[in-house]
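Comments concern the structure below.
The values are calculated or read from the model by the stated rules, or taken from the named source; none is laboratory data. Only a predicted model underlies this, so the values are computations on that prediction, with no experimental measurement involved. Cβ coordinates were reconstructed from backbone atoms using ideal geometry, including for glycine residues, and neighbour counts include every protein chain displayed. The protein model used for the area step is the full one, side chains on, heavy atoms only, and it has no ligands, DNA or RNA in it. Shrake-Rupley method; radii C 1.70, N 1.55, O 1.52, S 1.80 Å.
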Amino acid sequence: MGNDVLVLAEHRNGRLSDVTFELVGKARELADRGGGRVLAVLLGETSLAHELGVADVVLCSEDPAVATYNAQAYERAMVHVVERQQPRLVLTSTTTVGMDVSTALSVHWPAPLASYVVDVRRDGEDLAVTCRAYGGKLLAEVALTGPRAICAVIAGCFPAADGRSEVAGRSEVAGQVELLDLEGVFDGLGVSVAQVVEPEKGDVDITAADLLVSVGRGIGSRENLEVVQELADALGAPLAASRPLIDQGWLPKARQVGKSGLTVRPKVYLALGISGAPEHLEGMQHAETVIACNTDPKAPIFDVATYGTTVDLFDLTDELVKRVQE
Amino acid sequence: MRIVVAVKQIPDLVEELELTADGTDVDRELLKMVVNEFDDQALEEGLCLKEAGDAELVVVALDEPDVDQTLHAALAKGADAAIKLTGALTGWIDSHRRAALLASWLSGQSFDLVLTGVQAADDLDGQLPGLLGAQLEVPHISVAVRVEAEDGMAKVWQELAGGTVVVDEVRLPAVIGVQAARQAPRYVSISRIRQAQQSGGITEVEVQAAELGTEQFALRRLVAPEAAGHAEMLAGGAGEVADRIVELLRAKGLVRS
Ligand SMILES: Cc1cc2nc3c(=O)[nH]c(=O)nc-3n(C[C@H](O)[C@H](O)[C@H](O)COP(=O)(O)OP(=O)(O)OC[C@H]3O[C@@H](n4cnc5c(N)ncnc54)[C@H](O)[C@@H]3O)c2cc1C
């Protein structure tokens, strides 16, 4: 049984994503403890391989099938690689790519899979894994037994610096870059990419604001948005929101904070009626100060907030508007 | 075209999550169970597809607490049939086993599309769409925000990190994990749900508890996150809290004077 840890690298617009460095850093730690290597798989953008110097080997492909993200092509490539490399552990993120690939690998390679992982440690022959569950209200302690495993890790849980070659003090391309031979792997694909649509730029840039008023499903209805808009206007802050409000069409996509929206780092993030699901936290947990208003004292948002209150958001908004407009 | 929508119940996350005595599961007898919100989105997208063309829509669920109400609601919204898979189903059912049970039923069915929620609050061993697609050996796409289908092909809008959307052409049959339907899930009145209930539209089918479980995934216990990083709670009513917040904003130079 090998002791290698294999990471699926993710990139977007010609850049490796932060979570890739987070995973590579963690992989390094786990591989060093177990006497194994760190393998990174980089599909589509071979030119980025030199940034993955913390890995021992970077396995690349420039095959046109993986030039843009294609769920089935990625899956086939990853199954092909792990069957040959037989790593001890595969790390992916919980992004779209991570969800598609980790689940398929778990069936085809077969290996146990833990998702929403926030921590993974060696525990004798097993892996001890902590996962975020039930919208962040609980943590699950899981043991993954057997000779191999897969963890899909939530972004932002491990330091990215550990995986960046320049920070971790490992010379560029410390590792080898190997081109994968994927001859025949993509024959008869049932998925093809017809088009890639980039998100529209919004009327306001919520990533540039020092103060954000952000609203969630606790607002109840579209009509109620008026009161928080009034507060945002009074404060001279843009109005941001959690995903469900965007999906309902109540606010434009450019106002969405979170995993599938924008990452914001304002001085103050005022969260009104937002529960603090892991996907939302990914986008705002690095704000300088978070002030959260939620009537549920157990809402996970309070675990990342600096200040919290369980008063009703409508009462609070009224009182704030009064004071700011004075 | 035949569309299957797989739905399941999860605990209502707004409520206090009581645990069982051994701490390995939430107390399913005690908790209020509601439909997984992403499964509701999947159902909506399925209904939109059905209305856009000539399709039959079947909704399927495992026999879990309070699932009848969800199946009746689906019928009231326009599903053509509701299937409840029965067997030895108690407690937390991991996604691998859920996928195996659904796959064993689906293998005897004709279907073009399986739609289900992209994730659920308790799918700790992975999300259903990928597991089910892989078990059925058909293409699978997660985080879909729109699906169109005709002539053995589907067009799927798949959202990546940061909001980039890839539009995929997918050969059917396929399994799609729906993040959001093209429109908000429709509302159905209690009286319509009651009607569906009275006409008794749920068909029960017994399935063999497939062996494809996850013995190598052992859930040791569930715990509340440590309060270490917890917020400082501001005391008082809305007025006092507002005073404190304005003070904080002022200290950071974010409100005038
Ligand atoms: C692949 C994927 C990507 C995702 N990406 C994102 C993303 O980018 N951004 C994002 O936000 N979500 C994202 N989500 C969705 C995420 O899982 C949650 O569903 C979402 O964040 C919940 O939004 P919410 O907190 O507004 O709603 P809820 O979880 O419904 O919370 C509403 C809260 O309001 C509180 N409340 C109710 N009434 C009041 C009141 N009167 N006063 C004060 N508080 C009140 C309630 O106690 C509750 O905690 C994604 C999901 C998936 C599967």
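Applying the condition of being within 30 Å of A:Cys293 (Cβ to Cβ) and not in a loop (DSSP other than H, G, I, E, B) to segment A:173-212 and asking which residue is farthest from the other protein chains (Cβ to nearest Cβ) yields A:Ala208.
The residues in segment A:87-119 that are closer than 10 Å to A:Ile154 by Cα, within 16 Å of the ligand (Cβ to nearest atom) and not aromatic (Phe, Trp, Tyr) can be counted, and the count is 8. On the stretch given as segment B:138-156, residues that are away from the ligand (no atom under 13 Å from the Cβ) and either within 18 Å of B:Val5 (Cα to Cα) or surrounded by 20 or more Cβ atoms within 10 Å (Cβ to Cβ) (or both) total 13. Scanning segment B:1-21 for residues that are over 19 Å from A:Pro300 (Cβ atoms) and free of Cβ contacts under 8 Å to residues at least 24 places away in the same chain returns B:Thr20, B:Ala21. Tallying residues that are surrounded by fewer than 17 Cβ atoms within 10 Å (Cβ to Cβ) and either in contact with a helix residue (DSSP H, G or I) (Cβ under 8 Å, 6 or more places away or on another chain) or closer than 23 Å to B:Leu249 by Cα (or both) within segment A:231-252 yields 3. A search for C-beta distances below 7 Å between a residue of segment B:173-184 that is polar (S, T, N, Q) and any residue that is assigned to a strand (DSSP E or B) and within 13 Å of the ligand (Cβ to nearest atom), counting only pairs 6+ apart in sequence or on different chains, returns B:Gln179/B:Val143; B:Gln179/B:Ala144; B:Gln179/B:Val145; B:Gln179/B:Glu159.
The set of residues from segment A:49-72 being part of a loop (DSSP other than H, G, I, E, B), farther than 23 Å from A:Ala27 by Cβ and in contact with a strand residue (DSSP E or B) (Cβ under 7 Å, 6 or more places away or on another chain) comprises A:Thr68, A:Asn70.
Listed by position, the helices (runs of 4 or more DSSP H) contained in segment A:224-297 that have at least 1 residues being within 9 Å of the ligand (Cβ to nearest atom), more than 17 Å from A:Gly135 (Cα to Cα) and out of contact with any Lys or Arg (no Cβ under 6 Å at 6 or more places or on another chain) are A:243-247. Restricting segment A:298-326 to residues that are more than 24 Å from the chain's Cα centre (by Cα), part of a loop (DSSP other than H, G, I, E, B) and within 11 Å of the ligand (Cβ to nearest atom), the residue that is farthest from B:Met233 (Cα to Cα) is A:Asp312.
Scanning segment A:204-223 for residues that are open to solvent by 70 Å² or more (accessible area, probe 1.4 Å) and either more than 13 Å from the ligand (Cβ to nearest atom) or outside the structural domain of A:Ile274 (by TED's automatic domain parsing) (or both) gives A:Asp205, A:Ala208, A:Asp210, A:Arg222, A:Glu223. Going residue by residue through segment B:101-117, is there one that turns out to be under 19 Å from B:Met33 (Cα atoms), of a type outside the set (A, V, I, L, M) and open to solvent by 10 Å² or more (accessible area, probe 1.4 Å)? No, that holds for no residue.
Against the list (1) away from the ligand (no atom under 15 Å from the Cβ); (2) under 22 Å from B:Arg186 (Cα atoms); (3) crowded, with 21+ Cβ neighbours inside 10 Å, the condition B:Leu62 fails is (2).
Here the condition is being hydroxyl-bearing (Ser, Thr, Tyr), over 30 Å from A:Ser275 (Cα atoms), open to solvent by less than 10 Å² (accessible area, probe 1.4 Å) and touching a strand residue (DSSP E or B) at 6+ places or on another chain (Cβ under 7 Å); of A:Ser115, A:Ser106, A:Ser102, it holds for A:Ser106 alone.
Does B:Ala134 satisfy the criteria of being hydrophobic (A, V, I, L, M, F, W, C), surrounded by 19 or more Cβ atoms within 10 Å (Cβ to Cβ) and in contact with a Cys (Cβ under 7 Å, 6 or more places away or on another chain)?
Values: hydrophobic (A, V, I, L, M, F, W, C): yes; surrounded by 19 or more Cβ atoms within 10 Å (Cβ to Cβ): yes; in contact with a Cys (Cβ under 7 Å, 6 or more places away or on another chain): no.
No.
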